[in-house]
Amino acid sequence: MEMDLTTPLKTDDLKDLKIGDQVFITGTIYTARDTAHKRLVELLANGDKIPFDPQGQIIYYVGPAPAPPGRPIGSAGPTTSYRMDPYAPELLDAGIKAMIGKGPRDQSVIDSMIKNKAVYLAAVGGAAVVIANSIKESKIIAYEDLGPEAIREMKVENFPCIVANDIYGNDIYRTEVEKYKR
Amino acid sequence: MREIDVKEIIPIVKKLCIDSNFYIGKDVISKIKEFKTKEESPIAINVLNILLKNYELAEKENMPICQDTGVAVCFVELGQNIHLVGGDFTEAINEGVRQGYKEGYLRKSMVDDPVIKRINTKDNTPAIIYTEIVPGDKLKITVAPKGGGSENMSEVKMMKPADGITGVMDFVVDRVARSGGNPCPPIVVGVGLGGNFEQSALLAKRSLLRSLTEKNPDQKWAEVEAEILKRINDLGIGPQGLGGRTTALGVHILSKPCHIASMPVAVNIQCHAARHKSAII
């Protein structure tokens with residue numbers, strides 16, 4: 001099935017999504033990867049506000065290439081998600097409704113997605129130009145010192161992803177792989 | 001004795017950094033197309049089509065194929081009749097990397113200290129350089145940008161000679177199985193056999209420079225490669241780990257003699273963006 005999603009997300013927007021569905025995201029998304037996650041979770045642990053309102057938002061695991069002249073951003077495919085697993089449940093508890101990355105998630109993250117009714121979307125790793133073409137604006141909103149790891153607010157149109165974990169605990173990395181195993 | 005001014009090397013390395021990141025090898029494209037005809041999963045076919053479209057767009061729009069434009073790994077074959085003049089050879093390569101990553105708008109992915117500080121060096125240096133002295137008076141430089149996602153799934157194992165070829169194959173297949181979708185399959189699996197601890201790893205990395213359409217010249221290893229490839233593609237991992245029959249595009253083995261007590265085995269995993277470009281001076 002193909003579905004369009006517009007941010008911010010509500011549980012209602014996610015309840016019909018099933019693993020394997022192709023989704024196209026339009027709206028605002030936020031980028032964060034390794035060190036940014038560490039900082040965000042430290043802020044949450046201290047009861048402080050993070051640099052953006054997490055309610056219903058999407059975090060995209062990416063460290064983009066610099067923007068060439070005339071473009072809002074350089075190549076911008078997903079990074080591997082398992083490195084963010086230790087931090088993801090805290091961010092989902094804070095209101096994040098979807099994560100975009102590549103590769104399977106830990107059971108603790110899957111459990112947190114069930115609890116918070118959130119989803120994990122797989123973007124195609126290495127399809128960095130295809131994805132960059134769906135990013136219309138990008139600006140750094142925090143942690144500029146981290147270079148490619150800074151937090152960016154991006155405006156996207158029809159950003160392509162595949163549902164990898166739905167809100168019911170289904171995991172594409174288990175069920176689809178099992179189908180093609182010999 | 002032929003003299004080469006190291007300053008000549010700078011623009012060449014710069015161009016290799018940019019070209020390798022923008023233009024994928026024809027071997028990767030032809031292998032993906034070949035596997036696509038045999039692929040059974042509709043999700044996998046969709047992903048392979050997106051990858052092919054992405055290579056095309058990268059070339060047309062002069063953008064890096066992947067945002068992870070990698071560590072600049074440089075293989076140098078230096079003819080022994082060459083005298084390098086005009087400055088520091090290593091610094092010349094680093095300057096080429098610096099200029100290439102800046103002018104190509106490539107991502108700077110190096111941190112200075114690996115554990116404590118991890119501050120970005122902001123110019124993607126230092127490069128990782130391997131220099132081999134060879135007969136002749138030519139200088140060959142290969143730049144092979146290597147991404148972090150696939151490198152993180154690599155491993156060296158000091159196996160027992162008694163583990164034999166079965167042990168080697170089991171280890172390689174298991175390493176790929178444990179990697180799942182993380183290294184951006186379809187992958188290329190570089191296998192280094194023998195030497196010692198560090199040489200096996202370098203053999204594995206160097207094996208990735210072989211074209212995917214080229215067979216291993218040693219028939220014995222060509223057969224082992226084919227068997228490992230079949231077992232890997234029977235794992236069902238598929239492109240991006242989303243299931244399917246296309247997990248690896250190729251397995252490449254390089255081997256060297258080793259100690260009577262040892263059997264080092266290294267697996268270096270390469271994502272589908274198997275990038276490398278060479279120049280001969």
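Derivation of every value follows stated rules applied to the coordinates shown; laboratory data play no part. Values in this document were obtained by computation on a predicted structure and should not be read as measured data. Every residue, glycine as well, gets a Cβ built from its backbone with ideal geometry; the counts of neighbours run over all protein chains shown.
Ignore the peptide's own chain and count Cβ atoms of other chains within 10 Å of each Cβ in A:116-126; give me the average, rounded.
On the way: counts 0, 0, 0, 0, 0, 0, 6, 2, 13, 19, 22.
Across A:116-126, the average partner-chain Cβ count within 10 Å equals 6.
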What aspartates and glutamates sit close enough to residue B:138 to cross-link, taking a C-alpha to C-alpha distance under 14 Å and skipping anything fewer than 8 places away on the same chain? B:3, B:5, B:8, B:77
Cross-link reach list, aspartates and glutamates versus residue B:53, counting only Cα pairs under 19 Å and skipping chain neighbours closer than eight places: A:157, B:19, B:27, B:34, B:39, B:61, B:68
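Given the rule -39500 (n - 2.57) for each run of at least 4 DSSP H residues, summed and divided by the residues of chain B, what is its mean residue ellipticity at 222 nm, to the nearest 500 deg cm²/dmol?
My calculation for chain B gives -12500 deg cm²/dmol from helical runs alone.
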Unsatisfied cross-links (Cα-Cα over 18 Å) in the set B:15/B:277; B:220/B:256; B:26/B:277; B:31/B:215; B:26/B:108: B:26/B:108
On a C-alpha basis, how far is the centre of segment A:22-44 from the centre of segment A:98-137 in Å? Whole number, if you could? 10
Between residue B:81 and residue A:182, the FRET efficiency computed from the C-beta separation at R0 = 56 Å comes out, to the nearest 0.05, as 0.55
Mean-square fluctuation check for chain B, GNM, Cα pairs under 10 Å: which of B:144, B:222, B:201 is largest? B:222
What residue among A:116, A:156, A:7 has its Cα farthest toward the positive end of the dipole of chain A, where the charges are +1 on Lys, Arg and -1 on Asp, Glu, each on the Cβ? A:156
Using the Cα centre of the protein assembly as shown as the reference point, and only Cβ charges (+1 on K/R, -1 on D/E), how large is the resulting charge dipole? Debye, rounded to the nearest 20. 520
Placing each pseudo-label 7 Å from Cα in the direction of the beta carbon, residue B:278 and residue A:67 end up separated by a distance in nanometres of 4.0
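Once fully extended, how much extra length lies between residue B:53 and residue B:140, figured as 0.36 nm per residue of separation less the alpha-carbon to alpha-carbon distance?
Values: separation 87, 0.36 × 87 = 31.32 nm, distance 3.15 nm.
That pair, residue B:53 and residue B:140, stretches by 28.2 nm at full extension.
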By residue number, which cysteines of chain B lack any other Cys whose Cβ falls under 4.7 Å from their Cβ? B:17, B:66, B:74, B:258
Cα centroid separation - segment B:141-178 against segment B:60-136, whole Å: 24
For segment A:1-103, whose charge dipole is built from +1 on Lys and Arg Cβ atoms and -1 on Asp and Glu Cβ atoms, the candidate among A:75, A:88, A:54 with its Cα farthest towards the positive end is A:75
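Taking a 29 Å limit on the Cα-Cα distance, which of the listed pairs B:117/B:146; A:49/A:117; B:160/B:205; A:97/B:36 fall beyond it? Provide the component values of the computation, followed by the final result.
Working: B:117/B:146 22 Å; A:49/A:117 22 Å; B:160/B:205 22 Å; A:97/B:36 34 Å.
Table pairs above 29 Å Cα-Cα are A:97/B:36.
May I ask you to sort A:151, A:131, B:119 by Cβ crowding, counting other Cβ atoms within 10 Å and putting the fewest first? Don't jump to the answer; show the numbers that get you there.
Values: A:151 22, A:131 28, B:119 13.
By the 10 Å Cβ count, ascending: B:119, A:151, A:131.
How much FRET efficiency would the formula 1/(1 + (r/R0)^6) give for residue B:130 and residue A:48, where r is the Cβ-Cβ distance and R0 is 41 Å, rounded to 0.05? If you can, show how the numbers build up before the last one.
Values: r = 47 Å, r/R0 = 1.14.
Rounded to the nearest 0.05, the efficiency is 0.30.
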Taking the dipole of the protein assembly as shown about the Cα centre (Lys, Arg +1; Asp, Glu -1; charges at Cβ), the one of B:182, B:99, B:270 that reaches farthest to the positive side is B:270
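How many Cβ atoms of partner chains, on average, are near each residue of B:52-64 if near means within 10 Å of its Cβ?
Details: counts 1, 4, 11, 3, 2, 7, 7, 1, 1, 6, 2, 10, 10.
Mean shielding count: 5.
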